[in-house]
Amino acid sequence: MSRESDRGTITMSGSIQGRVTKRLLLGTLLAGVAANAGIYSILRHEVKEQFDLALEARARALTSLVIAESERGPLTFPFAGREQPEFRHRQRRGDYFQIWDPQGNTVARSLSLGNGNLPMEPSKLDSIGDRLFDAPLPDGRPGHCIEVRFAPFISQPGSGFATSEHARQMPLSPPARLVLAADREELNITLGTLFRTLAVSAVSLAAATTMLVVFVVRDGLRPLRRMAEEAAGLDAEHLDAHRFAEADLPDELRPIAQRLNDSLSKLGSAFARERRFTSDAAHELRTPIAEIRSLSEVALRWPPATAQENEANYRLLLASARQMESVVAALLTLARHHREDGQTRVSGEPVLVADVVADAWRSHETAALARGLTMTLDLPADQILVADRPILLALLHNLFSNVTAYAPLDSAASCVGRDHGLSIANGRGSLTQDDLAQITRPFWRKEASRSSRDAHVGLGLTLVMEYARAIGINCSFAIDGDQFIARLDWTPADRETPIPETENARAR
Amino acid sequence: MRVLLVEDSVRLATAITTGFHKAGHVIEAVGDGATGLRLLLNGADDFDVAILDIMLPEMDGLTLLERLRAAGKQTHVLLLTAKDTVDDRVRGLRAGADDYLIKPFAFEELLARAEALARRRYGVKNPKLRIGGGEDGATPLLIDTAARTVTRCTDDLKIDLSPREYALLEYLAVRAGTVVSRTEIETNLYDSQAEPMSNVVDAAVYSLRKRIDAPGRPSVIHTRRGMGYVIEVPAGAGIGSSPAVRS
């Protein structure tokens, strides 16, 4: 069994719906068949039991009429030769009985038997009791018989019947025998009707169960099926456009939908970040390329008339090339250090933080002076950090580059050491709290254009975060009043770690 | 053609302005969106084309464009940007841009697109313009605005013109049938370094006539005393069209 979907044929055997439906159907049908079989068996037994009881009651009634004149007989049956209506039925040809004395002589027989004998012989059992058996009747009809082995009561003088108080019976062995043979055709009809009724009922029940199971399973699994169809229709290019509707789902599926929606959000954000990064990177590279191309094409079409014009043109080309170089270098560095799992990769050695900070700041002093910036370095002389020195140096370079580029003119900045960390603070300029969430995003700049800070393409703080992750320190940013603060925090170094000796330390 | 360039990359702006100057056009360059919008709102009619970068300080190019269109200004705008996705292009065009060029670009293409937009300002789509050859016997000329060449039809002589002379002839030709004032010529063909009240326009027209007019024939450029200059529309041209520009 299969059904078509947008993605081709789906085989029911491979689906939850198919498996559940098949198993439910099999189980309920088997249970139904077993139940009906059990009901038939019980009812059949009961019907037969009732028939047998009725037969036995009639046989007992007949045996109670058999009287012995003495302990040695003879036996008499008071209704011998008389019409017995209970052995004739308007709609059937009647039942039969025959009674034998302990010696095996026939004492009485039913009129329906005439002068004949019952075709079945009584058993040779000598104990008192009953025996039920099937045997064909003299007229060929199917019959059900009971043989009763009994000890007749001895009659009282003058009454012909024994009273219960003084009744005496003939010896129990050998017993007298009575065989009563009844037509079992009606029993067979009854049993047949019962069987057919139960069979029809079973088939109807099976059909109804099948329809019900199929409907209930299909309806019950509709939310799951709908979710599967929604998932199949997801477009990787437009993840933001789709979310699974959680409110309409059953309790079992809601957590799944929630997790899926969370994953879609994260995936969509990741894709959006990647697209934005690619777009921004392309944008940052295209501009210097456009500059180089336009300058070159114009110079080729209208060659510079003077040496000064020529030189000016080449200087512009060189500046564009350098700009492109800085973008490419930053991108390559980012690619080298970036790890999605955020794991630390680089092992380090003990370094004196104050020395590294001093080395990093030295290359920015000129730029700071040009902008009137004053930097105060206040770090403990013996503060140690276990880290890769070149990466730590690059990290600090980027932070100081940020300070010299973006701190307000003629302002003060500071780099202060504290327990297991340091903070670099400078005037925040136009930065706001809302900007903090984006400042480490690749290519983000407060001012989206490139007007006056060609060397800064917006990757500096992105690289700071990657460097920090690579050497296992925590970097965070905050705005406190009019100050922008970059914080570096690390775990304490081993007390036994020796303090490294560097040129700066010797100079001090 | 008079162009406004709004581009914050100094080096790129230098390259573009140099090239447009060399091609005989007047171009003014500013580095931020706010200044660009002010110039366009106050003097939009002076500019044939505005070339806008999108990533600009103060105000980005798309916002500038939207405000320009909201103010009812119909200046032709060419967007110049490094953003190349379909969404970016669609956004720019729907904001009201007439054209979109992605960096890096061929300078010749930028120049050609800007010139095409400038022609559109005067309802001229055909890059080949025919002037003269009317009943007055003025010299018939074929101006190829794409190749920036001028050919005298009587003898198929290619006439060598300086960029400024060509720009003047093309400017008058696209406005054939309209008297163009000296002020308009100064504004569209000469940058702000031209002194006011100078006779630079008259001198330029005189020089141009000497180049293009065949000996013994009336000039294709007519003087309207006190008003300006005009290139006449040849007889038989339809009303409401630019008959002089059909080749």
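Side notes on the structure shown:
- Averaged over A:203-212, number of beta-carbon atoms from partner chains that fall within 10 Å: 0
- Chain B - charge dipole about Cα centre, Lys and Arg +1 at Cβ, Asp and Glu -1, debye rounded to 20: 600
- Charge tally for A:P380 (other residues, Cβ to Cβ under 11 Å; Lys, Arg +1; Asp, Glu -1): -2.
- Each residue of region A:285-290 is assigned a 3J(HN,Hα), and the resulting list reads 7, 5, 5, x, 5, 4 Hz, derived from the Karplus form 6.51 cos²θ - 1.76 cosθ + 1.60 (θ = phi - 60°), x at Gly and Pro.
- Amide H contacts under 5 Å for B:C153: B:L141, B:L142, restricted to partners 5 or more places along the chain or on a different chain, H placed in the peptide plane at 1.01 Å from N.
- Mean-square fluctuations from a GNM of chain B, with a 10 angstrom spring cutoff on Cα atoms, peak among B:E184, B:E170, B:E135 at B:E135.
- GNM top mover of B:L208, B:L52, B:L157 - chain B, alpha-carbon springs below 10 Å: B:L157
- Net charge, A:P142 excluded, C-beta distance under 10 Å - Lys, Arg +1, Asp, Glu -1: -1
- Area accessible to solvent at A:R19, 1.4 Å probe radius, in Å²: 100
- Calculated on alpha-carbon atoms, Rg and Dmax of region A:279-374 in Å: 20.2, 60
- Applying Stokes-Einstein at 20 °C and 1.002 mPa s to the Kirkwood radius of chain B, computed over alpha-carbon pairs, gives a translational diffusion coefficient of 113 µm² s⁻¹.
- Dividing the C-alpha radius of gyration of the protein assembly as shown by 2.2 N^0.38 Å, with N its residue count, gives 2.07.
- Ligands, DNA and RNA excluded, the heavy atoms of A:E466 present near 10 Å² of accessible surface to a 1.4 Å solvent probe.
- Counting only DSSP beta bridges with both residues in the protein assembly as shown, the antiparallel share comes to about 75 percent.
- Seen through its C-alpha gyration tensor, with square-root eigenvalues sorted a ≥ b ≥ c, region B:96-158 comes out oblate because a/c lies at 1.5 or above while a/b is not bigger than b/c.
- Under the Karplus curve 6.51 cos²θ - 1.76 cosθ + 1.60, θ = phi - 60°, whole-Hz ³J(HN,Hα) for region B:88-101, x wherever Gly or Pro sits: 5, 5, 4, 4, x, 5, 6, 6, x, 6, 8, 7, 8, 10
- Residue-averaged beta-carbon neighbours from other chains (10 angstrom radius) around A:305-314: 1
- Counting only alpha carbon atoms, the long axis of helix B:10-22 and the longest principal axis of chain B meet at about 10°.
- Anisotropy class of region A:208-337 from Cα gyration tensor, a/c 1.5 cut: prolate
- Selected from A:H420, A:V386, A:A360, residue furthest toward positive end of dipole (region A:319-433; charges at beta carbon): A:A360
- Scalar couplings 3J(HN,Hα) for region B:79-86, obtained by applying the Karplus form with A = 6.51, B = -1.76, C = 1.60 to θ = phi - 60°, are 8, 10, 7, 8, 7, 10, 6, 4 Hz; x denotes Gly and Pro.
- Backbone amide hydrogens, once placed in the peptide plane, bring A:A413 within less than 5 Å of A:T374, A:M375, A:T376, excluding anything fewer than 5 places away on its chain.
- 0 to 90° range, to nearest 10: angle between helix B:61-70 axis and chain B longest Cα axis: 60
- Kirkwood hydrodynamic radius of region B:9-56, from inverse mean 1/r over distinct Cα pairs, in Å: 11.5
- Ordering A:H338, A:H397 by accessible surface, largest first, gives A:H338, A:H397; the 1.4 Å probe counts only protein heavy atoms, with every chain in place.
- Amide proton proximity set for A:A135, modelled H, under 5 Å, gap of 5+: A:G143, A:H144, A:C145
- Residue-level accessible surface for A:K266, protein heavy atoms, 1.4 Å, Å²: 150
- Averaging 1/r over every pair of different alpha carbons in region B:53-155 and inverting the result gives a Kirkwood radius of 16.0 Å.
- Cβ-based net charge around A:T193, under 12 Å, with every Lys or Arg adding one and every Asp or Glu removing one: +1
- More than 22 angstrom apart: percent of Cα pairs within region B:1-128: 27
- On the basis of the beta-carbon distance and an R0 of 25 Å, A:L431 and A:R371 show a calculated FRET efficiency of 0.90.
- Relative to the longest principal axis of the Cα atoms of chain B, helix B:163-174 runs at roughly 80 degrees.
The values are calculated or read from the model by the stated rules, or taken from the named source; none is laboratory data. Note that the coordinates shown come from a computational prediction; the quantities given were computed from them, not determined experimentally. Counting neighbours? That spans all protein chains shown, and the Cβs are built from the backbone with ideal geometry, glycine included. Heads up: the accessible areas ignore ligands, DNA and RNA and are worked out on the full protein's heavy atoms, side chains in. Shrake-Rupley method; radii C 1.70, N 1.55, O 1.52, S 1.80 Å.
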